[in-house]
Structures are given as C-alpha cells and as structure tokens.
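I have placed the structure first, in the form of structure tokens, so that the comments after it can refer back to it.
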Amino acid sequence: MRDGGGEGHAAALTTPRFRFFDIMQIYRPAMPSAPRPQLLLTELQKRVLLHLRIAGAQPRIDLAAALDTNSATITRVTQQLVALDLIAEGAPLEQGVRGRPSVPLTISGGGGWSVGATVQPGWLELVLLDFRGTPLLHDTQPFDDPDPRVFARTLDARLRALVAQHGFLRGRFLGLGVAVPGYALDGDLNRRAVVRRLSGWSDIPLAETLGDVLDMPIWIENDATAAALGEYYQPGIIDRFRSILVLFLGHGIGGGLIAARDLFRGDHGNAGEIGKLFPGEMLRPSGIDLIDTLRQAGVVIDSLSEVEAMLEPHAALIATWIERVAVQLEQAVIGGAVWLDPGAVVVSGALPHSILARLSARITELSAPRHHGYQAPVPLVLPSTLGSRAVVIGAAMAPIHAVTAALP
C-alpha cells in the first residue's frame with residue numbers, strides 16, 4: 001500500500017531465463033522498453049470495450065447510439081473485436097416485431113488473462129483474472145521476506161504449480177502486475193521508497209530485479225493505486241461513477257484516485273500520497289497500527305490475516321481504534337472530496353469487511369456537519385467488497401486496463 005505514494009508502470013523485461021511463456025505457449029510480441037498493451041486497438045475499439053464494461057451487454061444498435069456513430073461502423077468494429085475474442089455475442093433478443101432479432105454483445109473472458117501479485121503483512125497473495133476481470137484463481141501463502149528476489153522466486157514456483165494444476169490457462173497472456181507499498185523516487189516509477197517491512201525493495205530498479213526471475217511484461221503499481229483500479233472495475237462502481245477516491249489500510253495508509261475513468265498519478269507518480277498527513281511519529285490509520293494497538297494490549301498477533309479472530313474477544317479495543325481512525329480518515333476524505341469531487345470514496349484494506357463497513361459509516365457521520373447547507377451532491381463513503389484482494393485484483397487489472405486506456 002502506499003505508506004506514501006503514487007504508482008507507476010515499470011520497464012518491461014527481456015531476460016530469457018524463465019520460460020513461463022514457452023510452457024504456456026502464449027502469444028508474446030517483442031517487449032518494448034516499457035509495458036505496452038499486448039493488444040493494440042483503435043480508439044473506437046477501446047471505446048466499445050469500455051462502454052460494454054460500464055453499461056453491460058448491449059446490441060449493436062444501442063452501441064452505435066451511445067457512441068454516436070453509424071451502424072455500419074459499429075458492425076465492422078464489433079466483428080473485429082469478436083474475432084479477437086474480446087467481446088462475445090449473446091443469445092438473440094426477441095423484439096416482438098418483424099425483422100432480425102438484436103444480438104447483445106458483452107465482454108468476453110477469453111480475450112486474455114493476467115496475473116496480479118503483492119506482499120501483504122505476513123503473506124504473499126496472487127490472483128489470475130480473465131479479460132472480463134473475473135478471478136480465475138486466488139491464492140495466498142505465508143511469506144515474510146524483505147528480499148524482492150525471494151518474492152520473485154516464490155511467485156515463479158507458485159505460478160508453475162498453478163499452471164501444472166490448471167491446464168485451462170492457455171491463450172493470450174496480457175502481463176503481470178506487482179503492487180508495491182511505496183512511493184516513487186525522483187519521478188521514476190520503477191524506483192520506490194518502500195515500507196520498512198520490505199526494506200529490500202527500496203531504491204532499486206524493481207522491474208529489472210524481478211525480471212531476473214520473471215521473464216514477462218510487468219507493471220509496477222503502488223498498492224493503493226492498484227486497489228483503486230481493482231475497486232473501480234467492480235459492478236456498482238464503474239457503472240455509477242466516473243471518479244472515485246480509494247483509501248487503503250494495509251502496511252500503512254495510502255490513497256488511489258480514478259479521475260474521469262483513468263488512473264490519476266500526478267506529475268511525480270505520487271498522487272494520493274496521504275501518508276504525509278500522518279507522520280511516522282504519530283498514531284497512523286493503518287492496518288499495522290491496529291496490530292501494534294492489539295500488541296500493546298497484550299494480544300499475540302503477527303499478521304493482519306489474524307484480525308478476524310480478534311473481533312469478538314477484543315471488541316471494545318477495536319471499537320476504540322475504529323473511532324480514532326475514522327476521525328483521522330475523515331480529514332483525508334474531506335480534502336479529497338474538495339479537490340477531486342469524486343462520486344464515491346471507497347474504504348478498502350487488508351482488514352475484515354465489518355471493520356471497513358464501520359469505518360465507512362462513522363466517516364459519513366463525522367463529515368455530515370461539514371455538508372450542512374451545501375446543496376450539491378457529496379461523495380458516498382462505501383466499504384470495499386474486496387478487502388485485501390483489491391490490491392492483487394487491481395494489480396492484475398493493470399495490463400487489462402492498458403488495453404483500453406489511451407497511451408500517455
């Protein structure tokens with residue numbers, strides 16, 4: 001997560017040692033110096049895909065109207081996307097009138113797949129998504145090593161095992177997204193100052209380092225930015241809001257921003273660096289801070305994955321922590337709402353959903369007096385439905401998102 005900062009996609013890798021692609025017989029073009037989409041689409045093709053993600057299944061006639069283009073053009077473009085297996089035709093709809101029934105189009109899962117991975121406090125987490133963004137596999141295992149090379153080797157071994165177990169993972173591989181809890185240094189999105197727990201990741205060329213083991217297109221994302229991407233593509237979010245602010249509580253406290261349906265990173269790659277609001281000597285609204293709070297009360301706990309079991313036996317202590325953290329986060333929410341004017345603020349993190357829901361409700365209560373007399377809409381404060389998985393899902397969405405995103 002972003003104990004501070006923004007994010008970035010990293011340089012792609014060309015080291016030939018890891019033959020994952022050969023094993024999978026996956027389409028793989030020559031990789032440029034930075035990750036680029038494995039599929040190069042026209043702007044209209046991108047608009048069709050994005051519209052279908054937002055609106056759901058639609059027939060061609062509705063697509064043409066929504067995108068303000070003619071039916072012949074939409075027919076040609078959608079045929080191209082069907083040939084690429086990026087969209088699929090559904091069962092014809094009965095119209096009740098003479099003529100050909102309309103055929104709804106929808107995003108196809110077979111258009112490609114991607115991997116997202118990150119190190120949570122105490123475990124390594126990864127997910128495999130299809131082109132729809134639907135998780136194919138979600139996997140966790142204990143992990144607590146600060147060396148990124150160990151992370152890469154562990155991920156390498158796990159991917160090999162998953163490939164051996166699941167033969168359906170054949171087809172177009174779009175890339176690997178790795179979420180990192182740190183902010184970009186000197187505007188270089190590939191070099192980061194990372195939280196103390198992962199000290200070995202700091203100020204090194206991460207894509208090249210991971211590429212000594214993993215030979216594939218790699219996107220390096222700040223974990224809060226990755227979480228924002230994962231949260232945004234969820235039903236009930238992408239179809240309701242053009243912009244959202246995501247607060248992620250994990251190693252530290254971070255923010256991610258989606259503005260006008262795209263990641264907003266800022267000039268230095270560190271937009272959402274709300275960790276600066278809570279210097280290290282202060283109590284911080286983070287998952288690690290909750291662990292420290294429990295430990296100071298004599299509770300034996302090593303990982304955020306153990307918090308769920310602490311909810312009932314330590315309810316009063318956790319309630320006090322939630323109240324304090326809600327007050328802290330409300331300041332960040334108000335600031336973000338004033339500048340970004342998002343449709344929603346999503347409270348996310350490697351915490352049980354019940355804690356995220358209570359934080360969201362309390363932040364809403366605390367911010368209500370600030371809106372007194374204000375007649376325009378204000379952002380909803382919503383709990384994440386993904387929890388800690390928002391990071392890996394968002395990391396895996398990075399290569400998929402790049403397919404429809406405009407090039408910088």
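The values are calculated or read from the model by the stated rules, or taken from the named source; none is laboratory data. Please read all numbers here as calculations on a predicted model, not as lab measurements. Here the Cβ is made from the backbone with ideal geometry for all residues, glycine too, and neighbour counts use every protein chain on show. SASA here: full protein model, heavy atoms, side chains in, ligands and nucleic acids out. Shrake-Rupley method; radii C 1.70, N 1.55, O 1.52, S 1.80 Å.
Say we look at segment 131-162 and pick out the residues that are of a type in the set (A, V, I, L, M, F, W, C) and either within 20 Å of P181 (Cβ to Cβ) or modelled with pLDDT under 90 (or both); which of these is surrounded by the fewest Cβ atoms within 10 Å (Cβ to Cβ)? Please lay out each step first, then the result.
Of the residues in segment 131-162, the ones of a type in the set (A, V, I, L, M, F, W, C) are 131, 136-137, 143, 150-152, 155, 157, 159, 161-162.
Filter again for either within 20 Å of P181 (Cβ to Cβ) or modelled with pLDDT under 90 (or both), leaving 143, 150-152, 155, 159, 161-162.
Numbers: F143: 16, V150: 14, F151: 24, A152: 21, L155: 21, L159: 23, A161: 11, L162: 16.
Filtering segment 131-162 for residues that are of a type in the set (A, V, I, L, M, F, W, C) and either within 20 Å of P181 (Cβ to Cβ) or modelled with pLDDT under 90 (or both), the one surrounded by the fewest Cβ atoms within 10 Å (Cβ to Cβ) comes out as A161.
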Could you check how many residues of segment 353-382 are buried (at least 20 other Cβ atoms within 10 Å of the Cβ) and within 21 Å of the chain's Cα centre (by Cα)? 7
Criterion: open to solvent by 20 Å² or more (accessible area, probe 1.4 Å), basic (K, R) and more than 23 Å from I274 (Cα to Cα) - qualifying residue of R172, R191: R172
Condition check: more than 16 Å from the chain's Cα centre (by Cα), farther than 25 Å from R132 by Cβ and either modelled with pLDDT under 95 or surrounded by fewer than 18 Cβ atoms within 10 Å (Cβ to Cβ) (or both). Does I334 satisfy that? yes
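Just give me the residues in segment 51-79 being β-branched (V, I, T), open to solvent by 10 Å² or more (accessible area, probe 1.4 Å), touching a helix residue (DSSP H, G or I) at 6+ places or on another chain (Cβ under 9 Å) and in a helix (DSSP H, G or I), in sequence order.
Across segment 51-79, the qualifying residues are I61, T73, T75.
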Every residue from segment 238-286 that is within 20 Å of I334 (Cα to Cα), touching a Ser or Thr at 6+ places or on another chain (Cβ under 9 Å) and either outside any strand (DSSP E or B) or among the polar types (S, T, N, Q) (or both): G252, A260, F264, R265, A271, G272, G275, F278, L283
Checking A12 against (1) open to solvent by less than 20 Å² (accessible area, probe 1.4 Å); (2) closer than 16 Å to L174 by Cα; (3) modelled with pLDDT of 65 or more, only one condition comes out false. Which one? (3)
From (1) open to solvent by 30 Å² or more (accessible area, probe 1.4 Å); (2) touching a Lys or Arg at 6+ places or on another chain (Cβ under 6 Å); (3) not charged (D, E, K, R), pick out the condition that doesn't hold for A271. (1)
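For segment 315-374, which positions are acidic (D, E), touching a helix residue (DSSP H, G or I) at 6+ places or on another chain (Cβ under 9 Å) and either in contact (Cβ under 8 Å) with a residue 40 or more places away in the chain or within 17 Å of V246 (Cα to Cα) (or both)?
Start the filter on segment 315-374 by keeping residues that are acidic (D, E), which leaves 323, 330, 341, 365.
Still in the list and also touching a helix residue (DSSP H, G or I) at 6+ places or on another chain (Cβ under 9 Å): 323, 330, 365.
Passing the criteria: only E330.
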Would it be correct to say that A226 is closer than 23 Å to K46 by Cβ, in contact (Cβ under 8 Å) with a residue 12 or more places away in the chain and open to solvent by 10 Å² or more (accessible area, probe 1.4 Å)? no
Odd one out for L311 among (1) out of contact with any Asp or Glu (no Cβ under 7 Å at 6 or more places or on another chain); (2) under 19 Å from G255 (Cα atoms): (2)
Scan (1) within 26 Å of the chain's Cα centre (by Cα); (2) open to solvent by less than 20 Å² (accessible area, probe 1.4 Å); (3) among the hydrophobic types (A, V, I, L, M, F, W, C) for the single condition I301 breaks and write down its number. (1)
Quick one: which residue in W201, W219 is buried (at least 23 other Cβ atoms within 10 Å of the Cβ) and within 12 Å of the chain's Cα centre (by Cα)? W219
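Any chance segment 243-252 includes a residue that's surrounded by fewer than 24 Cβ atoms within 10 Å (Cβ to Cβ) and farther than 21 Å from A193 by Cβ? Break it down into steps so the answer makes sense when it comes.
First, pick out the residues of segment 243-252 that are surrounded by fewer than 24 Cβ atoms within 10 Å (Cβ to Cβ): 243.
Pick out the ones that are also farther than 21 Å from A193 by Cβ and you get 243.
Looking through segment 243-252, at least one residue is surrounded by fewer than 24 Cβ atoms within 10 Å (Cβ to Cβ) and farther than 21 Å from A193 by Cβ.
Yes/no matrix, rows are residues, columns are (1) open to solvent by 20 Å² or more (accessible area, probe 1.4 Å); (2) hydroxyl-bearing (S, T, Y):
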| residue | (1), (2) |
| --- | --- |
| G230 | no, no |
| R265 | yes, no |
| P279 | yes, no |
| Q296 | yes, no |
| T320 | yes, yes |
Would you check if there is a residue in segment 108-130 being open to solvent by 50 Å² or more (accessible area, probe 1.4 Å), within 18 Å of Q58 (Cα to Cα) and at pLDDT 90 or above? no
F241 passes all but one of (1) farther than 22 Å from A260 by Cβ; (2) at pLDDT 95 or above; (3) not basic (K, R); which number fails? (1)
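Taking the options A332, A395, A337, name whichever one is farther than 15 Å from Y233 by Cα, part of a helix (DSSP H, G or I) and out of contact with any Pro (no Cβ under 7 Å at 6 or more places or on another chain).
Values: A395 fails: farther than 15 Å from Y233 by Cα; A337 fails: out of contact with any Pro (no Cβ under 7 Å at 6 or more places or on another chain).
Result of the check over A332, A395, A337: A332.
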